[in-house]
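Since the structure comes first, as structure tokens, the remarks are kept for the end.
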């Protein structure tokens, strides 16, 4: 942590620099949360875009349909009225990943 680190963004594949101050911030963040916090893999503009997409829900789609953006692959996917009712009735948060990415993630995790 004595010098800035240069990485390649996993989203846009451009190089970006993580300053010494940013490195210290991520170390402190990890310590506050009781673990380790890795350095970012995406540049700041891509991190901000991902955050905006993750929290953006377009509620103007007709007939109770919502269009969301998958945080894993970036593809747009729709949540239908029955899905919305299912998640609301159970108090669940809406999915952040499309069906394909959710399926791939569940198959990647070992079932105990």
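Tilt of helix 81-90 relative to the longest C-alpha principal axis of the chain, in degrees (0 to 90, nearest 10)?
70 degrees
Identify which of 33, 93, 23 has the largest mean-square fluctuation in a Gaussian network model of the chain, with springs joining Cα atoms closer than 10 Å.
Judging by the Gaussian network model, the answer is 33.
Restricting to Cα pairs below 8 Å that are 6+ residues apart, what does the relative contact order work out to for the chain? Please round to a whole percent. Write down the numbers at each step before the final one.
On the way: 118 pairs, mean separation 16.5, N = 112.
Computed value for the chain: 15 percent relative contact order.
State, in angstrom, two size descriptors of the range 1-55 derived from its alpha carbons: Rg to one decimal place and Dmax to the nearest whole number.
Answer for the range 1-55, Rg first and Dmax second: 12.0, 35 Å.
Helix 99-108 versus the longest principal axis of the chain: what angle, 0 to 90°, nearest 10, using Cα atoms?
60 degrees
Roughly how tilted is helix 20-32, in degrees to the nearest 10 and between 0 and 90, from the longest Cα axis of the chain?
In the chain, helix 20-32 runs at an angle near 60 degrees to the longest axis.
How long are the semi-axes of the ellipsoid equivalent to the chain, from square roots of 5 times the Cα gyration tensor eigenvalues, in whole Å, largest first?
Working: eigenvalues 218, 62, 40 Å².
The equivalent ellipsoid of the chain has semi-axes of 33, 18, 14 Å.
No lab work stands behind these numbers, since they all come straight from the coordinates. Please read all numbers here as calculations on a predicted model, not as lab measurements.
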